[in-house]
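Some notes on the structure that comes next.
The values are calculated or read from the model by the stated rules, or taken from the named source; none is laboratory data. Because the structure is a prediction, the values reported are computed rather than measured. Neighbour counts run over all protein chains shown; Cβ positions are idealised from the backbone, glycine included.
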Amino acid sequence: MASPPLTVPHTEAAPVLDLLTVPQVMARLQLGRSAVYDLLHTGQLASITLCRARRIPTHALADFIRTRLEQDAA
């Protein structure tokens, strides 16, 4: 029997932070690896580094998309 997935308790003081890998962001934006890394290096898309792994918070991806939509609407 499989064990249930581990969950992190959600409290108002410590919101859950979902982190995406570069390949996950590539799939969501339908962009190539180089394009995603260009967005990261230019600061258009925020990320954090854990050891040598780059992770993009889901809220940063949502903010990036919202900003681009607002720029295109202007």
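Points to keep in mind about this one:
- Screening the range 44-66 for residues that are hydroxyl-bearing (Ser, Thr, Tyr) and surrounded by 12 or more Cβ atoms within 10 Å (Cβ to Cβ) and picking the one that is nearest to Arg28 (Cα to Cα) gives Thr58.
- Of residues in the range 17-43 being farther than 14 Å from Arg54 by Cβ and in contact with a Pro (Cβ under 9 Å, 6 or more places away or on another chain), the one modelled with the lowest pLDDT: Leu17
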